[in-house]
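This report refers to the structure that appears directly beneath it.
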Amino acid sequence: MRFILWLALMISVPAIAQKKVTVSGYVQDAQSSETLLGAIIQNRMSNVGTTTNSFGFYTITMPAGQVKLRCSYVGYGGEELNLQLDRDTVINFRLRQSTELSEVVVVSKNNAGIQATGMGVIDIPVTQISHTPSLLGETDVIRTLQMLPGVQTGMDGMAGFYVRGGNADENLILLDGTPIYKVDHMFGFFSVFTPEALKKVTFYKSSYPARYNGRLSSVVDVRTKDGDMRRFHGTASIGLLTSRVQFEGPIIKDRTSFNFSGRTTYVKWLAQPFMEKDDKYGYQSTT
């Protein structure tokens, strides 16, 4: 009898020790509830970590028991939780913006460039797009890409771009995961993207993941804002060629939101004197 009890105990102990739990959830801005892409979630007890995907969602599997879970994101203060987990759990993090920097230790390796999994990937901040010099003051995502190393422009004034010798139609351009086949308006002076409506732009010049199939040269993954779930606000601008407006806010507070952006140009008024009386011309873009 004792042998049977001892054998049952020896079998059950490893089973308990090997039990795994899964923690999942979203990482959001504490003020606007905007999802944060690429946030880092790490269990400091077992050094197991992951990052949020293109929708701000994460999932991480770790041994059950004592867990010290830390969430961090560039430009935001980190948050750390000490938990005792014995089953799958949903944990949503809400981070606040912070300009304070903790002590930074820089470590370099001679072969880091070869082993780096993100080789050829560039994350373009929206603020950089807004401050990029462009034609007649009209900021644009495609114009910013044309100024990066390894990227060449086509004809002057056109919105197409060529990456390392490839053709313009070999670039895969995604808007929230949906392929865009025609990205330029007005003979290439404007693209379909308005900077005020964007959240993140990721540019793959090489070594892009297998999920981005169908193109040979590059991938441009553009993500738009989800909309502020807490308060209403927006922007408006008047330029030499176009005027833009962007407005966002909650539909049901902390549950759903909207984000509207629109753009129009004055070209129709400038071209009207040179057109026939019966001809009509107009241009506008909304997102």
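Within the stretch 43-59, the only residue that satisfies the criterion of being crowded, with 20+ Cβ neighbours inside 10 Å and over 28 Å from Leu198 (Cβ atoms) is Asn43. For the stretch 205-213, state whether one or more residues are touching a Gly at 6+ places or on another chain (Cβ under 8 Å) and closer than 25 Å to Thr139 by Cβ. Yes: the stretch 205-213 contains one or more residues that are touching a Gly at 6+ places or on another chain (Cβ under 8 Å) and closer than 25 Å to Thr139 by Cβ.
To keep it simple, each residue is scored yes or no on (1) within 25 Å of the chain's Cα centre (by Cα); (2) modelled with pLDDT of 85 or more; (3) among the acidic types (Asp, Glu).
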{"site": "Leu69", "(1), (2), (3)": "yes, yes, no"}
{"site": "Ser72", "(1), (2), (3)": "yes, yes, no"}
{"site": "Tyr76", "(1), (2), (3)": "yes, yes, no"}
{"site": "Gln84", "(1), (2), (3)": "no, yes, no"}
{"site": "Arg87", "(1), (2), (3)": "no, yes, no"}
{"site": "Arg94", "(1), (2), (3)": "yes, yes, no"}
{"site": "Thr99", "(1), (2), (3)": "yes, no, no"}
{"site": "Ser102", "(1), (2), (3)": "yes, no, no"}
{"site": "Ser108", "(1), (2), (3)": "no, no, no"}
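Quick one: would you say Thr265 is β-branched (Val, Ile, Thr) and at pLDDT 85 or above? Considered against the rule, which asks whether it is β-branched (Val, Ile, Thr) and at pLDDT 85 or above, Thr265 comes out as no. Scanning the stretch 22-36 for residues that are in contact with a strand residue (DSSP E or B) (Cβ under 6 Å, 6 or more places away or on another chain), buried (at least 20 other Cβ atoms within 10 Å of the Cβ) and under 22 Å from Thr224 (Cβ atoms) yields a count of 4. Of all residues assigned to the stretch 223-245, none qualifies as being farther than 23 Å from Gln128 by Cα, in contact with a Phe, Trp or Tyr (Cβ under 7 Å, 6 or more places away or on another chain), surrounded by 12 or more Cβ atoms within 10 Å (Cβ to Cβ) and not basic (Lys, Arg). Applying the criterion of being over 16 Å from Thr242 (Cα atoms) and of a type in the set (Ser, Thr, Tyr) to the residues of the stretch 130-145, the residue that is modelled with the highest pLDDT is Thr144.
Residue selection: Thr127 satisfies the criterion of being within 28 Å of Val245 (Cα to Cα) and either at pLDDT below 75 or not in a loop (DSSP other than H, G, I, E, B) (or both).
Out of the stretch 38-90, which residues are small (Gly, Ala, Ser), part of a strand (DSSP E or B) and over 28 Å from Asp176 (Cβ atoms)? Hit for the stretch 38-90 is Gly65, nothing else.
The values are calculated or read from the model by the stated rules, or taken from the named source; none is laboratory data. These numbers were taken from a predicted model, which means no experiment stands behind them. Positions of Cβ are generated from backbone atoms using ideal geometry, with glycine treated the same way; all protein chains shown enter the neighbour counts.
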